[in-house]
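Quick notes on the structure that follows.
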Amino acid sequence: MSALNEEQICGRNQLFIPDGTFVGRIHDQLLHLANIGKPAFASTQPLSREQLSVLIETAFWASLLSNEGRTTRVCLAVAAPDICRDAMAFATPISCDESQIAKLAPAVPPRGCLAVSGTSEALMIWGFGRSQSGSWQDTVTVKIRGPGNLGIGVGPFQPFIVVNGKSDLFLESSPNTLAHHLQRALPKPVPVADFFATQAVLRECMALADLARMIVDDGHGGMVLIVPKEQGAWEESLKPFDFRFAAPDRSIGDAIRLQLDEQEALGKMLPQVLAVNLSDEIKNQIVKMCSQQHWKTWKGAAQAIASLAAVDGAVVMTRDLQVLGFDAKIAGENGAIIPLCIFQPVPGRQLAESASLEQTGGTRHQSAARFAAAHKDSVALVISQDRHLSIVHWQEKINSVAILRHAEWWL
């Protein structure tokens, strides 16, 4: 059933000790969130160093297990039932140990979580949630992404720390860090004087981030090329492009515009509703129903586009999210010298050190680098079959192709 046997697990060395810097920094962040009144942390006792140590240690070793050939990939969330209200609770909580996590992981819905109770000394799995709502960010999460690969979230920092094999990196990123990076890479200027135009830009970048996440989660890899317009010089570099659509697919952008139109209409209607001679209870119910009704998302449309990435070749779309087709092949000179630099998704400044084309990775990465060098107004999202995400684009400041490796750490 598993890649490790019981003797190997019992004889292991402890990696995340309670008194270590790694666990200590997480614990300090928990105490800070409790002190400033974050809802989930202010109402419950934060996890102790010992509990954090056990949780992370257990998740790490669970990541090395497999069940019937399936690698363990799941999110653990330390949360009470009043936070994850859509959770399905077990009649009897079970022990939060490696074997149970590996066994339950395949049953957790996509984007769901195993719900862990931290109210007692021993950590217990009391159920699993169907989704990760916004309120789940007010707790501790451990995302098992693959063997030895964890993303540990603390409150609004998702993730706060990434464990990648034997190394650990403090990212302190937010759920929208990838979207903000894509907004700068494209670039898509934000018209701050127009609220709804600003929201359109931000949500388009969030939709791109969701699209990348879906392709990563599917595990088949793929490439998305983002070009400036429906037609242009970039077409000469994509031959063949057999599955180009007769008309661009605008479903993601249409969903975003519908969402914003309904939000604007709601904003105009609410003052009229509040002015009607009704009880406050009825007014609150109307407002709640309208708010829930308008919040439709682009995720269904994005999932349909993510499926196209399973076909060999690139999905091609414009900056305003018009999908032009898929299975596009990048043509280029294999021997051309391309200026490029490789970066990591970590805080602070990084030196722009030159790298060779071979250092970028396999065929997809090298093709994307050649495309970005030839068409400096394009961006490529490259996802490998081992679920690594790279963002490839031309960076004017360093006069080079910039490749951000391991952007999946932000997901």
Checklist entry - Looking only at residues in the range 389-411 that are in contact (Cβ under 8 Å) with a residue 60 or more places away in the chain and out of contact with any strand residue (DSSP E or B) (no Cβ under 6 Å at 6 or more places or on another chain), which one is farthest from Leu340 (Cα to Cα)? => result Leu411
Checklist outcome for this item: Here the residues within the range 56-94 that are among the polar types (S, T, N, Q) and surrounded by 14 or more Cβ atoms within 10 Å (Cβ to Cβ) are Thr58, Ser63, Ser66, Asn67, Thr71, Thr72
Checklist entry - Just a yes or no: is a residue in the range 11-21 closer than 19 Å to Glu121 by Cα, at pLDDT 90 or above, in the same structural domain as Ile125 (by TED's automatic domain parsing) and not in a loop (DSSP other than H, G, I, E, B)? => result no
Next on the checklist: Go through the range 206-236 and report how many residues are of a type outside the set (Lys, Arg), more than 14 Å from Leu308 (Cα to Cα) and in a loop (DSSP other than H, G, I, E, B).
Outcome noted: 4
Checklist entry - Name the residues in the range 335-354 that are under 20 Å from Gln366 (Cα atoms) and either among the hydrophobic types (A, V, I, L, M, F, W, C) or not in a loop (DSSP other than H, G, I, E, B) (or both), would you? => result Ala336, Ile337, Ile338, Leu340, Cys341, Ile342, Phe343, Ala352, Ser354
Checklist entry - Among the residues of the range 325-336, is any among the β-branched types (Val, Ile, Thr) and surrounded by fewer than 24 Cβ atoms within 10 Å (Cβ to Cβ)? => result yes
Next on the checklist: Here's a check for you: in the range 356-382, which residue that is surrounded by fewer than 17 Cβ atoms within 10 Å (Cβ to Cβ) and among the small types (Gly, Ala, Ser) is nearest to Ala310 (Cα to Cα)?
Outcome noted: Gly362
Next on the checklist: Checking the condition among the polar types (S, T, N, Q) and assigned by TED's automatic domain parsing to the domain that holds Ser384, which residue from Gln158, Gln231 passes?
Outcome noted: Gln231
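The values are calculated or read from the model by the stated rules, or taken from the named source; none is laboratory data. None of the values given here were measured: they were computed from a predicted structure. All Cβ positions, glycine included, derive from the backbone under ideal geometry; neighbour counts span all protein chains shown.
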